[in-house]
Structures are given as structure tokens and as C-alpha cells.
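The values are calculated or read from the model by the stated rules, or taken from the named source; none is laboratory data. Note that the structure is a prediction, hence the values are computed from the model and not measured. Positions of Cβ are generated from backbone atoms using ideal geometry, with glycine treated the same way; all protein chains shown enter the neighbour counts. Areas reflect the complete protein model, heavy atoms only, side chains present, ligands, DNA and RNA absent. Shrake-Rupley method; radii C 1.70, N 1.55, O 1.52, S 1.80 Å.
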Amino acid sequence: MRCSSCLVAAGLLLCALATSAQSAPKPAPLVAATPPMGWNSWNFFAEKVTEQDIKNAADQMVATGMRDAGYVYINIDDTWEGERDAQGILHTNSKFPDMKGLADYVHARGLKLGIYSGPGAKTCAGYTASLGHEEQDAKMYADWGVDYLKYDLCSFREDVMYPKALHDRPEQARLMIAAYAKMGKAIQSTGKPIVYSLCQYGWDSVWEWGASVGGNLWRTTGDVEANWPSIAMILNAQAGLADYSGPGHWNDPDMLEVGNGDLSLDENRAHFSMWAMLAAPLLAGNDLPHMKPEIKAILTNKEVIALDQDPLGKQARRVYVDGEVELWTRPLANGDTALAVLNHGPERVATHPFHLPLASLGLHAGPAKNLWTGAMIALAENMPVEIARHDVLLVRIPAK
Ligand code: GAL
């Protein structure tokens with residue numbers, strides 16, 4: 001009797017435990033657990049972008065294999081906005097006649113849709129932004145099925161920061177942070193897993209507070225341009241920011257210029273390599289319907305993408321500088337280490353041979369995989385390395 005009541009009691013306890021385990025709410029999946037990947041209209045189309053360009057981009061993401069390589073967001077940047085009506089509802093302009101239909105089109109291809117606004121009255125291109133309509137806009141994005149919002153400071157300075165606190169920098173920063181927090185809260189209130197991208201060019205050390213306002217990524221600098229000095233300058237600004245980046249909240253050195261402007265093939269490869277080392281969001285910005293095979297090969301290199309998307313989410317640190325050669329390393333989830341040797345200089349490094357220091361950087365000699373050629377190479381202490389100008393040696397060193 002005692003024994004069976006014991007069993008009953010134990011059974012009830014187990015049952016109660018099982019029920020509470022079943023009814024415990026599952027934690028929501030982390031938004032942007034790895035750096036967001038996709039394509040954004042600005043770098044190629046700028047103000048000219050239309051609904052048809054976005055549809056073409058979605059089609060090309062599928063046709064080129066970019067979607068299957070991990071690029072899922074199709075992000076409309078500035079210039080989709082029309083005017084608000086008497087109820088404050090923001091309408092699209094004639095370039096984007098049916099945003100809900102466009103979201104459906106993008107979703108039907110296994111992709112996600114991103115949109116753009118800002119905390120001021122106007123966007124950077126002078127279109128209508130969200131000041132005073134944050135909740136209303138966030139709800140509308142969610143109703144359309146938007147999955148990503150880039151929120152760009154633009155006229156908030158002139159509309160709010162300067163009128164309220166012209167000579168008070170700390171107060172200006174407080175106002176700006178509050179504005180980003182307001183939209184962060186509005187997005188969260190929709191209950192949809194919308195990626196929140198802060199764009200205010202790295203002001204007021206955004207990496208220190210970006211995550212606290214709900215940001216999943218934040219620009220760390222001004223706009224990237226499709227030339228090597230711009231890419232090198234932005235890369236340089238990322239040194240020292242590694243501790244602020246991680247799953248769900250990433251430093252954003254701006255979108256990719258791979259395939260744009262006059263970047264050489266080496267420069268395109270180095271740009272992509274270094275963004276992957278930085279665990280940067282990978283938002284292509286090129287002309288997808290006319291993408292050259294060699295550009296596609298860069299953007300879809302599986303092992304370089306895996307580096308960017310490594311689940312440990314540790315951004316690379318610059319660990320060594322010798323003239324125009326820089327070494328960056330990052331630890332990876334499986335114990336491997338990624339090493340990038342970058343030649344910033346105008347000449348091939350062989351003209352002033354560079355010798356790879358391993359032991360002093362905690363790296364070991366032995367086999368490593370060159371992520372661009374796919375070949376195994378033998379790393380040796382102080383081995384001479386020859387790298388073309390504005391190119392990179394990118395290797396994955398297996399754990400010892
Ligand atoms: C800039 C932003 C660019 C682009 C542009 C649109 O402020 O940094 O990435 O979004 O505005 O007007």
C-alpha cells in the first residue's frame with residue numbers, strides 16, 4: 001500500500017514536472033544569431049530603385065545560388081516612401097505600388113524583405129521618415145511582412161537634436177539613443193522577429209549601447225564606397241571593436257561593394273575576406289542580373305561564408321602590423337583559427353619580403369587551408385609570404 005502510494009506520488013510528481021516542462025514557453029529564437037546576409041538596393045541603384053528592381057534581385061538571388069549560399073534578406077533602402085494621409089498612415093510612392101504584394105513575392109522565393117526609415121521627419125534622400133509615427137510604422141511593416149528594418153539617423157539631427165540641444169553633446173546623444181530605443185520597442189511590440197539595423201555612422205560609440213536599444217547590428221562608420229581607400233579606412237576603424245560584437249548584435253562596417261566600381265578582383269576578394277573575418281553582416285550591393293562569374297565565385301565561396309557565419313560569432317582582432325601588412329585572427333567554434341594576412345600596400349609584398357610570425361601570435365606551424373584556392377598549405381614559423389597588392393592570404397588553421 002505504502003509502496004503503491006509512493007509510486008502514485010512519484011508518478012504525479014513526474015507528471016507535474018513533465019507538464020511544467022511542456023508548458024514552459026520556448027525561448028524565442030535569437031534574431032540575427034549569425035550576421036545577417038542578403039542584398040541591399042542602395043550601393044547599386046541608390047535613389048532609382050523600383051519594385052521591379054527588387055523583384056529582379058529576388059529572382060537573381062535564387063537563380064545565381066546566392067540564396068542557397070545563405071543570402072536571404074532583400075533590403076529596399078531609401079526612396080520607397082510616399083506621403084502620410086490624414087490618419088498618419090505612410091503610403092508608398094509610385095515606384096513601389098504594392099508593398100504587401102512585393103513582400104509576398106520575395107517570401108514566395110524563400111527570401112525575406114527589408115525596408116528603410118529613420119527617426120527624423122525625413123530620410124537622407126529627403127523622403128518621409130518615422131518621427132512621431134514610430135509605432136504606426138512598425139505595425140505597418142509587420143503587417144506587410146517586413147523582416148528587417150534599417151533605421152537611418154538623417155534629419156533627426158536637424159529635426160530634434162539641434163533644436164533641443166544645439167550646444168549640449170551629451171543631451172544630443174541621449175535624444176538619439178532614446179529615438180533608437182523607441183523604434184526598437186515598437187518593433188518588438190509587433191511580436192515579429194524583425195532584424196533591427198541601426199544606421200547612425202558609429203556616432204557616440206554606438207557599439208556600447210546599440211544592443212540595449214534592441215539593435216541587431218549597427219553601422220560603425222560613414223558610408224562605404226567602391227574604392228580601396230574607402231574599404232581600407234573602414235577596415236582600420238574596426239580594430240578595437242571586437243568585444244562589442246556577437247550573436248544577435250553585430251558591428252556593421254557597411255554593405256559590400258563586391259562587384260561595384262573599379263575594384264580589382266584582388267580588392268574584391270580582400271574586401272569580402274576581411275568582412276568575413278569581422279563577422280560583418282554580408283549585404284551584397286551589386287547589379288545581380290549582370291554579375292560576372294568571378295564576382296559570383298567570391299560572393300558564394302562557401303568556406304569564406306562559413307567563416308563569417310561561424311556560430312561562435314567572434315569578430316577578428318588585428319594582432320600584428322608590419323608596414324603595409326596586417327594580420328587579423330579570429331577563433332572559430334570548432335577550435336580552428338582563421339588568419340588573414342592583408343597587404344594594404346601598392347606593391348607585391350615580395351618586394352619587401354614579409355615573414356609570418358606564428359609562435360608570438362599563439363599560432364602553430366603545420367597544415368592550414370587556403371580558403372580561396374582550397375589547397376592545404378604548410379605554415380612554418382617565419383615563412384616568407386608573397387601577396388599581391390590589396391590582396392589577402394586567408395587560411396583556416398585546424399585546432400592542434
Ligand atoms: C545614408 C546611409 C546609406 C543609405 C543612404 C540612403 O545615410 O548611410 O547606407 O542608406 O543614407 O539615403
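Please verify whether A142 is small (G, A, S), touching a strand residue (DSSP E or B) at 6+ places or on another chain (Cβ under 7 Å) and within 17 Å of P193 (Cβ to Cβ), treating the condition exactly as stated.
Against the criterion (small (G, A, S), touching a strand residue (DSSP E or B) at 6+ places or on another chain (Cβ under 7 Å) and within 17 Å of P193 (Cβ to Cβ)), A142 does not qualify.
Checking the conditions here, which among A297, A306, A284 is hydrophobic (A, V, I, L, M, F, W, C) and crowded, with 22+ Cβ neighbours inside 10 Å?
A284
Restricted to the range 68-91, and to residues that are more than 16 Å from the ligand (Cβ to nearest atom) and in contact with a Gly (Cβ under 6 Å, 6 or more places away or on another chain), which residue is farthest from G132 (Cα to Cα)?
Taking the candidates together, the pick is Y71.
For the range 34-49, how many residues meet the condition of being open to solvent by 30 Å² or more (accessible area, probe 1.4 Å) and within 17 Å of L278 (Cβ to Cβ)?
Residues that pass the stated criteria total 1.
Yes/no matrix, rows are residues, columns are (1) within 17 Å of F44 (Cα to Cα); (2) buried (at least 19 other Cβ atoms within 10 Å of the Cβ):
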{"residue": "G261", "(1), (2)": "yes, no"}
{"residue": "A270", "(1), (2)": "no, yes"}
{"residue": "K302", "(1), (2)": "no, no"}
{"residue": "L312", "(1), (2)": "no, no"}
{"residue": "E326", "(1), (2)": "no, yes"}
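Filtering the range 348-362 down to residues that are in contact with an Asp or Glu (Cβ under 8 Å, 6 or more places away or on another chain) and open to solvent by 20 Å² or more (accessible area, probe 1.4 Å), which residue is farthest from D322 (Cα to Cα)?
Looking at residues that are in contact with an Asp or Glu (Cβ under 8 Å, 6 or more places away or on another chain) and open to solvent by 20 Å² or more (accessible area, probe 1.4 Å), I get A359.
If I go through the range 236-259 residue by residue, how many of them are closer than 16 Å to Q315 by Cα and open to solvent by less than 40 Å² (accessible area, probe 1.4 Å)?
12
Which members of the range 384-400 meet the condition of being modelled with pLDDT of 95 or more, in a strand (DSSP E or B) and surrounded by fewer than 18 Cβ atoms within 10 Å (Cβ to Cβ)?
The answer is none; no residue qualifies.
Please determine whether any residue of the range 273-282 is within 16 Å of the ligand (Cβ to nearest atom), free of Cβ contacts under 8 Å to residues at least 24 places away in the same chain and part of a helix (DSSP H, G or I).
Among the residues of the range 273-282, not one is within 16 Å of the ligand (Cβ to nearest atom), free of Cβ contacts under 8 Å to residues at least 24 places away in the same chain and part of a helix (DSSP H, G or I), which makes the answer no.
Matching residues to (1) in contact with an Asp or Glu (Cβ under 7 Å, 6 or more places away or on another chain); (2) closer than 20 Å to N251 by Cα; (3) in contact (Cβ under 8 Å) with a residue 24 or more places away in the chain:
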site	(1), (2), (3)
L166	no, no, no
E171	no, no, no
I177	no, yes, yes
K182	yes, no, yes
I194	yes, yes, yes
L198	no, yes, yes
G210	no, yes, yes
D223	yes, yes, yes
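Residues of the range 247-262 being part of a loop (DSSP other than H, G, I, E, B) and not small (G, A, S), which ones?
P247, P253, D254, M255, L256, E257, V258, N260, D262 - these are the residues of the range 247-262 that are part of a loop (DSSP other than H, G, I, E, B) and not small (G, A, S).
Within the range 79-105, can you find the residues that are open to solvent by 70 Å² or more (accessible area, probe 1.4 Å), without any contact (Cβ under 8 Å) to a residue 40 or more places away in the chain and not hydrophobic (A, V, I, L, M, F, W, C)?
If the condition is that a residue be open to solvent by 70 Å² or more (accessible area, probe 1.4 Å), without any contact (Cβ under 8 Å) to a residue 40 or more places away in the chain and not hydrophobic (A, V, I, L, M, F, W, C), then Q87, H91, S94 are the ones that fit.
Testing L339 on (1) assigned to a strand (DSSP E or B); (2) at pLDDT below 95, one condition comes back false. Which one is that?
Tallying (1) assigned to a strand (DSSP E or B); (2) at pLDDT below 95, L339 fails exactly one: (2).
Open to solvent by 40 Å² or more (accessible area, probe 1.4 Å) and within 15 Å of the ligand (Cβ to nearest atom): which single residue out of E208, E171, E225 fits that description?
E225
Answer with yes or no whether D59 is within 27 Å of P293 (Cβ to Cβ), away from the ligand (no atom under 16 Å from the Cβ) and open to solvent by 10 Å² or more (accessible area, probe 1.4 Å).
Spelling it out, D59 is indeed within 27 Å of P293 (Cβ to Cβ), away from the ligand (no atom under 16 Å from the Cβ) and open to solvent by 10 Å² or more (accessible area, probe 1.4 Å).
When only residues in the range 145-161 that are assigned to a loop (DSSP other than H, G, I, E, B) and surrounded by 21 or more Cβ atoms within 10 Å (Cβ to Cβ) count, which is farthest from the ligand (Cβ to nearest atom)? So that I can check it myself, show each step before the final result.
First pass over the range 145-161, keeping only residues assigned to a loop (DSSP other than H, G, I, E, B): 145-147, 153-155.
Checking which are surrounded by 21 or more Cβ atoms within 10 Å (Cβ to Cβ) leaves us with 146-147, 153-154.
Details: V146: 16, D147: 17, L153: 7, C154: 6 Å.
For the range 145-161, the residue satisfying everything is D147.
Take the range 115-144 and flag every residue that is part of a loop (DSSP other than H, G, I, E, B) and open to solvent by 20 Å² or more (accessible area, probe 1.4 Å).
If the condition is that a residue be part of a loop (DSSP other than H, G, I, E, B) and open to solvent by 20 Å² or more (accessible area, probe 1.4 Å), then A121, C124, A125, G126, Y127, L131, G132, H133 are the ones that fit.
Of the numbered conditions (1) touching a Lys or Arg at 6+ places or on another chain (Cβ under 7 Å); (2) surrounded by fewer than 19 Cβ atoms within 10 Å (Cβ to Cβ), A365 fails exactly one; give the number of that condition.
(1)
So which residues in the range 121-131 are under 23 Å from the mean Cα position of the chain (by Cα) and within 11 Å of the ligand (Cβ to nearest atom), if there are any at all?
Those that are under 23 Å from the mean Cα position of the chain (by Cα) and within 11 Å of the ligand (Cβ to nearest atom): T123, C124, A125, A129.
Can you find even one residue in the range 106-114 that is away from the ligand (no atom under 14 Å from the Cβ), open to solvent by less than 10 Å² (accessible area, probe 1.4 Å), in contact with a strand residue (DSSP E or B) (Cβ under 8 Å, 6 or more places away or on another chain) and farther than 24 Å from D68 by Cβ?
No, the conditions are met nowhere in the range 106-114.
Would a scan of the range 24-38 turn up a residue that is more than 16 Å from the ligand (Cβ to nearest atom), at pLDDT 95 or above, out of contact with any helix residue (DSSP H, G or I) (no Cβ under 8 Å at 6 or more places or on another chain) and farther than 22 Å from Y196 by Cα?
no
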